[in-house]
Structure formats: structure tokens, C-alpha cells
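Quick note: the coordinates plus some simple rules give every number you see, no bench work behind them. These numbers were taken from a predicted model, which means no experiment stands behind them. Quick reminder, even Gly has a Cβ in these numbers, built from the backbone with ideal geometry, and neighbours come from all protein chains shown.
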Amino acid sequence: MDTHILLNAANAAYLIKRMRKILVFGVFDGLHKGHLFFLKQAKVYGDYLIVALARDLTVQRLKERVPVYDEKSRRASLLASGIVDKVYFGDKVLGRYSIIRKTKPDVIVLGYDQDELHKNLNDFLNKRGLPIKVVKVSASFKPNKYHSKIINTKLISGI
């Protein structure tokens with residue numbers, strides 16, 4: 001008896017809908033061990049990991065600097081990691097969170113340093129009555145060594 005299933009586009013779409021979807025947000029400017037540690041922690045909460053990747057203009061607005069790597073390069077690095085299943089570019093308008101309507105995640109996982117996003121997301125979800133669980137990971141991987149701000153500052157200054 002052949003138990004193999006022919007996976008076509010319709011079957012794949014059905015399987016993805018049945019999977020437990022996790023959504024994370026971030027810049028991921030220079031994918032490093034700290035990011036990989038976070039993505040692996042997030043993946044524990046489900047089957048299908050989706051990244052809402054901050055656009056270059058959003059990074060410029062929020063962090064008052066241009067990212068070292070452009071959004072297309074950051075997206076390619078995330079997909080090449082083998083941990084992430086799908087990457088969407090974030091909204092051009094802050095606080096819209098259209099990615100939530102688009103992907104319908106079961107869980108949103110935030111990094112240890114995403115306090116403001118945690119507050120904003122909870123407000124957004126509560127106002128709309130969306131029963132999506134938001135988890136903030138407390139562990140980080142050597143944040144004094146593997147944090148984009150530290151790594152990118154060294155890269156830019158040539159240290």
C-alpha cells in the first residue's frame with residue numbers, strides 16, 4: 001500500500017493552514033548567532049515560522065540610521081537560515097500590523113529586547129479582540145557579544 005501523498009499546491013496550502021503558525025518581528029540586520037538562537041526559540045511554539053521583516057525606511061525612522069544590509073539581503077539571509085519558513089516585509093505605516101490579518105498566527109513570539117513592540121502589540125490585539133497568544137522570550141544568546149547594534153557598529157567603524 002502506497003502511503004505517499006502527492007503534494008500539490010492545494011495540498012500544501014491546506015497543510016500550511018493546519019500548521020501552528022508563529023510570527024516574529026525584527027530587523028535582522030546581519031543575521032548572527034543571537035538571531036538564530038531567537039528564531040530557534042520561536043520555532044518551538046509551532047510548525048511554521050513567519051518573519052515580519054522591518055523595511056529599510058522603517059529601520060531608518062525607528063533607529064535613526066540606515067540598516068547595514070538592505071531589506072532584500074536581510075530577507076535572503078533569513079530564508080537561507082533553514083529555520084524560517086516565510087518572510088514578509090513589514091508595513092510602511094507603523095502600527096498597522098497587516099501581517100497579522102494576512103498570516104493569522106497562532107502565536108507571536110517577541111525577543112527579550114522588544115518591550116515597546118510587546119506593549120503596542122498587546123494594545124492592538126486587545127482593541128480588536130484577537131485571541132492571539134504573545135510570548136516574550138526571556139533568554140538571549142550572549143547579548144553583550146551578539147547584538148546587531150554591537151556587531152554593526154564594529155563593522156561600520158572597521159574594528
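What does the net charge come to around Leu49 if you take all other residues with beta carbon closer than 13 Å to its beta carbon, with K and R at +1 and D and E at -1? Could the numbers behind the result be given before it?
On the way: positive: Arg20, Lys21, Lys40, Lys43, Lys86; negative: Asp47, Asp85, Asp106.
So the environment of Leu49 carries a net charge of +2.
Would you grab the residues whose amide H sits under 5 Å from the one on Leu110? Only those 5+ places off in sequence or on another chain, please, with H modelled 1.01 Å from N.
Val135, Lys136, Val137
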